[in-house]
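The values are calculated or read from the model by the stated rules, or taken from the named source; none is laboratory data. Values in this document were obtained by computation on a predicted structure and should not be read as measured data. Cβ sites come from the backbone with ideal geometry, for glycine too, and all protein chains shown count toward neighbours. In case anyone asks, the SASA skips ligands and DNA or RNA and just uses the protein heavy atoms, side chains included. Shrake-Rupley method; radii C 1.70, N 1.55, O 1.52, S 1.80 Å.
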Amino acid sequence: MNVSPTVRPSVVVVGGGYAGINVAKALDDVGDVTLVDPTEAFVHNVAAWRTLVEPEWLGRIFLAYDHLLAHGRFVRGRAVAVDGRRVTLESGRTLEPDYLVLATGSSYPFPAKTEEPDVASARTRLRAAHDALVAADRALIIGAGPAGLELAGEIKSFFPEKKVTLMDMSEEILTGPYDQPLRDELHRQLAGLGIEVRLGSALNTLPSAPPATLAPIRVRSEAGEEFVADIWFRAFGVRPHSEYVDGGSLSDRRDERGYLRVDEQLHVVGETNVYAVGDVADADRDMAGIATRQAEVVAANIRASITGEGEPANYETFPPLIAIPLGPERGAGFVGDGVADAATIAELKGRHMLIDTYASLFDAVPDVAA
């Protein structure tokens, strides 16, 4: 059923990343939805590495929030305090909805994520990083998780003449809940691309030059190995954005890493109508697909509460599924039974980087009265 606009309960979604846009979109027909974010457009970070090597994507990865909701509204602002359901923005404006969804995500080193205040400055910075990469002969990537692996594959696929070194203090690439055959296949493809992989020793210190800029790089590992490059990228260091709960009633709901603790229905622990989803919640791994799935659960639960139809659903931890492109035509993953090969990953993600899936959400003609 659809709830009449005159009696729609208010829903505020703080954060316009993968989780936030999906919750807001899914509830636009039954709630009086307000989406809050400090930037003017959603950034499709899944395609960030592709944009680095192929800047034509700069025109595709930024999607204006104004076209997300037909009935609700987008408010550009930064939440500086959240106390229960009361949200205070940097402007001083306060919001106290019937339902509050915290979807503020996480920070990650540029250019995997950019937090520039507007699209123009974000595009300028990304273009500068591309130009620096083009001018470099040797690239050093520190961090051999999914992001570092994808970046190494992107650079070598588009610039095969460049020397690319991927290093990590761990003894193996892709640490986490993944089977060794997947790592073995990734190792095989990395070697085929000519990517040098160095594992098992931390650096004495990170390069002094900012990441993604052209500069002479010379660092040593604790094992004594020297790394020389013209540009480097930091592919580690996720930090959840939850600082706005400091001093409020939710301040004790964060764990030691800064994630908001949630129950099986993704309520912030101890709250009834306050939810946390995506990278800011402690429910699961930090991945766009997982954030989207959590958004589906929260939106369904809020919808059931608003309409009185259906029962609340519990979130089930995402299985160890993953797709890691190494450029448009290579890569490996685990998307079902066994290791997915390069052709499968290219079809699922590598060629298009899921851009149409998320761009299709931004098709609304806003209601002038909203």
Taking the simple approach of a point 7 Å from Cα along Cα-to-Cβ for both Val75 and Asp131, what is their distance in nm?
-> 3.9 nm
The chain - mean residue ellipticity at 222 nm from DSSP helices (-39,500 (n - 2.57) per run, n ≥ 4, rounded to 500) = -7500 deg cm²/dmol
Would you please give the residues with an amide H less than 5 Å from that of Val33, counting only those at least 5 places away or on a separate chain, with H modeled from the backbone geometry?
-> Val11, Gly72, Arg73
Residues whose placed amide H lies under 5 Å from that of Arg198, excluding near-sequence neighbours | Leu166, Met167, Asp168
Solvent-accessible heavy-atom area per residue, rounded to whole Å², over the chain at 1.4 Å = 43 Å²
In whole Hz, the Karplus estimates of ³J(HN,Hα) for region 211-221 (6.51, -1.76, 1.60; θ = phi - 60°; x where Gly or Pro) are x, 6, 10, 7, 6, x, 10, 8, 9, 10, 8
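Taking R0 as 25 Å, what's the FRET efficiency between His352 and Glu172 from their Cβ-Cβ distance, rounded to 0.05? Working shown, then result.
Working: r = 30 Å, r/R0 = 1.18.
Efficiency, from the Cβ-Cβ distance: 0.25.
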Under 12 Å from the 7 Å Cα→Cβ point of Leu206, by amide nitrogen: which residues of region 134-151?
-> 142-143
Between region 73-103 and region 184-201, how many Å separate their Cα centres?
-> 45 Å
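How high is the relative contact order of region 241-346, in percent, with contacts defined as C-alpha pairs under 8 Å that are six or more residues apart? Don't skip to the answer; put the middle values down first.
Numbers: 149 pairs, mean separation 16.4, N = 106.
Relative contact order comes out at 16 percent.
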Pop out the ³J(HN,Hα) list for region 227-236 in order, Karplus 6.51 cos²θ - 1.76 cosθ + 1.60 with θ = phi - 60°, rounded to Hz; leave Gly and Pro as x.
-> 10, 10, 7, 9, 7, 9, 10, 9, 10, 7
Rank Asn45, Asn314, Asn204 by mean-square fluctuation in a GNM of the chain with C-alpha springs under 10 angstrom and give only the top-ranked residue.
-> Asn204
Using a Förster distance of 45 Å, the FRET efficiency for Glu196-Thr307 (Cβ separation, nearest 0.05) = 0.20
When the chain is treated as a GNM, springs tying every alpha-carbon pair under 10 Å, which of Ser201, Ser157, Ser91 comes out with the largest mean-square fluctuation?
-> Ser91
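Pull out the extension gain between Glu115 and Gln180, defined as 0.36 nm times the separation in residues minus the alpha carbon to alpha carbon distance; nm, one decimal. Mind dumping the intermediate values first?
Values: separation 65, 0.36 × 65 = 23.40 nm, distance 3.48 nm.
Once the chain is fully extended between Glu115 and Gln180, it gains 19.9 nm.
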Quick one: pull the percent of accessible area on the chain belonging to carbon and sulfur, 1.4 Å probe, ligands and nucleic acids left out.
-> 49 percent
Between [x] 0.99; [y] 0.96; [z] 1.08, the structure-derived Rg/Rh (Cα atoms, Kirkwood Rh) is [x]
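Suppose accessible area is computed on protein heavy atoms with a 1.4 Å probe; arrange Lys162, Lys113 from highest to lowest. Spell out each step's value before the answer.
On the way: Lys162 10, Lys113 45 Å².
Ranked list, largest accessible area first: Lys113, Lys162.
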When the solvent-accessible surface of protein heavy atoms is calculated with a 1.4 angstrom probe, in what order do Leu166, Leu214 fall, highest first?
-> Leu214, Leu166
State the antiparallel share, in %, of DSSP beta bridges confined to region 1-134, rounding to the nearest 5.
-> 40 percent
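Full-extension gain between Arg239 and Ala64, please, as 0.36 nm times their residue separation minus the C-alpha to C-alpha distance.
Here the segment from Arg239 to Ala64 would lengthen by 60.5 nm.
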Here the gain from full extension of Glu56 to Ser107, 0.36 nm per residue of separation minus their alpha-carbon distance, amounts to 15.9 nm
